[in-house]
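Before any comments, here is the structure.
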Amino acid sequence: MTPLLEVRDLTKRYGGRIGCADVSFALHPGEVLGIVGESGSGKSTLLNCLAGQLEPDAGEVLFDTRTDGPRDVLTMSDPERRMLGRTDWAFVHQNPRDGLRMRVSAGGNVGERLMAVGARHYGDIRSDALHWLGQVEIPDDRIDDRPAAFSGGMQQRLQIARNLVSGPRLVFMDEPTGGLDVSVQARLLDLIRGLVRRMGLSAIVVTHDLAVVRLLADRLMVMKDGHVIETGLTDQVLDDPQAPYTQLLVSSVLQV
Amino acid sequence: MNTSDYNFAYLDEQTKRMIRRAILKGVAVPGYQVPFASREMPMPYGWGTGGVQVSAACLTPEDTMKVIDQGADDTTNAVSIRKFFEKTANVAVTERTEEATVIQTRHRIPETLLAEDQILVYQVPIPEPLRFLEPRETETRKMHALEEYGLMHVKLYEDIAQHGEIATAYAYPVTVSDRYVMDPSPIPKFDNPKLESAAIQLFGAGREQRIYAVPPYTKVVSLDFEDYPFDPSKAPHACALCGADHTYLDEVITDDAGGRMFVCSDTDYCAQRRAEQQGTAA
């Protein structure tokens, strides 16, 4: 089976420092990959390189496009990459303010991707927006409210709806539950897990929260100082960590 | 004052060449905002410094100039710019639309249909139609380059969601020649259909240092939704002076007791209609 995303020797340096180095992996359709590591380990740098928001210094990122099969995202032209960015890809930011238009209503936020690819029928856009707000458990009567009037958890759910409306095949998530309290986190994780399974999405989830990857991810990649130090099935890595750093990471989780 | 104290039309010839190059590029790429080195003019920004520079670059000694502000020939902005060119270029001026060869306008297109030998110069405060949606200039330029205009419809969507209709009444965004989305300057949307004109239309934004153009007979389409089509609305009245029911109207408050009247915003058009009516009545 052709992997949906294949990364080969991806390297990004910030001057003399290493952002991430020699990262290689393959992500298959329907698979969720978790990337864990402490702050500064290169998780977000890697994610931003994959999503085309940062330009890596070396390596290849092959995405299995709908029309032309696997293509290197890094050598694509700007329009093609941006087109992918608003159709087949989705990016869920840690801070919903980065991913939402705060001065545009919830319905407008969800409809933006549809209008970006040419939807020009107000009624259709609105009913799609209502459908997706329902999917992320936002009541219909909030469709014309601005995200600023939403709670943190609702903003995050709105961001997810806004991203999924175009039927993406690959979702990048950067700390999707960061900054939320635990009960809201739990509901959000439940929701994401349901959506990922139902839509058969592939996803790359970057987080420092091991509980999040335990719930969401099929496979796990552990990063430290820009390098991948351990990979494997999530349960395998978390229950039987091999690298010393992973052992430290797993044992550092507070038990209640 | 002797006109020889100034170079013809105030600006020096090199500057005019620079502006003409920008205009030519603008005409070649309809709706594209061409950067130009806007000069300091002897009037404040917001008073039409962009339009004045474009007019100065277009004027020849044989031209007849007309200046309107919100449709009127006799408001401060129009009077002072007209005087400016009378003084610095010594060109003939007129208030009659059909006699003018260069018309500088702020916020209106004349009601009288323009002809092929006329130039309409717009004063533009903010040339970037995406400005209030996307504050970064680097990003808006990229969006223009890649024709990513979905955001413009998000604005219209918001209008309908909040007001039940597209409430944008002026500076209504248009697509020029099936390519660039353009801000037609703050003309009422009533005037949008007149953007497809026989005259050449030039847009100058002095503070923002941009020039753009719509060549004659260029296709100009106002953005809308399939189920909420573009509607060039106007006040549902007839002009109180000339009786016209097909012109754009100003609402004039006449007393403190709620009295008001609606009159043509295009003063020249209204005056000509009244003169004709008096002629036929006499």
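The table that follows gives values for the structure above.
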quantity	calculated
Close pairs (9 angstrom Cβ cut-off, 6 or more residues apart or separate chains): at positive phi in the stretch A:58-72, buried (at least 19 other Cβ atoms within 10 Å of the Cβ) anywhere	A:Gly59/A:Val7; A:Gly59/A:Leu10; A:Gly59/A:Lys12; A:Gly59/A:Val23; A:Gly59/A:Cys49
Selected residue [buried (at least 16 other Cβ atoms within 10 Å of the Cβ) and farther than 22 Å from B:Leu195 by Cα] from B:Lys66, B:Lys16, B:Lys25	B:Lys16
Some residue of the stretch A:58-80 being touching a helix residue (DSSP H, G or I) at 6+ places or on another chain (Cβ under 7 Å), in a loop (DSSP other than H, G, I, E, B) and surrounded by 19 or more Cβ atoms within 10 Å (Cβ to Cβ)	no
Qualifying positions in the stretch A:97-113 - more than 8 Å from chain B (Cβ to nearest Cβ) and free of Cβ contacts under 8 Å to residues at least 60 places away in the same chain	A:Arg97, A:Asp98, A:Met102, A:Arg103, A:Ala106, A:Asn109, A:Val110
Some residue of the stretch A:171-179 being open to solvent by 10 Å² or more (accessible area, probe 1.4 Å) and either within 14 Å of chain B (Cβ to nearest Cβ) or part of a helix (DSSP H, G or I) (or both)	no
Hey, B:Ser222 within 14 Å of chain A (Cβ to nearest Cβ), under 16 Å from the mean Cα position of the chain (by Cα) and either touching a residue at least 40 places away in the same chain (Cβ under 8 Å) or closer than 22 Å to B:Trp47 by Cβ (or both) or not	yes
Selection status of B:Val174, modelled with pLDDT of 95 or more and either open to solvent by 10 Å² or more (accessible area, probe 1.4 Å) or over 15 Å from the mean Cα position of the chain (by Cα) (or both)	no
Residue in the stretch B:129-137 that is over 21 Å from the mean Cα position of the chain (by Cα), within 13 Å of chain A (Cβ to nearest Cβ) and hydrophobic (A, V, I, L, M, F, W, C) present	yes
Residue among B:Asp191, B:Asp183, B:Asp178, B:Asp159 that is more than 14 Å from chain A (Cβ to nearest Cβ) and closer than 18 Å to B:Leu130 by Cα	B:Asp183
Residues (more than 17 Å from A:Arg219 (Cβ to Cβ) and in contact with a strand residue (DSSP E or B) (Cβ under 6 Å, 6 or more places away or on another chain)) located in the stretch A:14-43	A:Gly19, A:Cys20, A:Ala21, A:Asp22, A:Ser41, A:Gly42
Any pair with Cβ under 6 angstrom, 6 or more apart, that starts in the stretch B:187-209 at a residue that is modelled with pLDDT of 95 or more and small (Gly, Ala, Ser) and ends at one that is in a strand (DSSP E or B) and crowded, with 21+ Cβ neighbours inside 10 Å	B:Ala199/B:Leu120; B:Gly204/B:Ile211
Test result for A:Ala90, within 14 Å of another protein chain (Cβ to nearest Cβ) and either part of a helix (DSSP H, G or I) or open to solvent by less than 50 Å² (accessible area, probe 1.4 Å) (or both)	no
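The values are calculated or read from the model by the stated rules, or taken from the named source; none is laboratory data. Source: prediction; values computed, not measured. Because the Cβ atoms are built from the backbone with ideal geometry, glycine has one as well, and the counts that use them run over all protein chains shown. Just the protein is used for accessible areas: all its heavy atoms, side chains included, with ligands, DNA and RNA removed. Shrake-Rupley method; radii C 1.70, N 1.55, O 1.52, S 1.80 Å.
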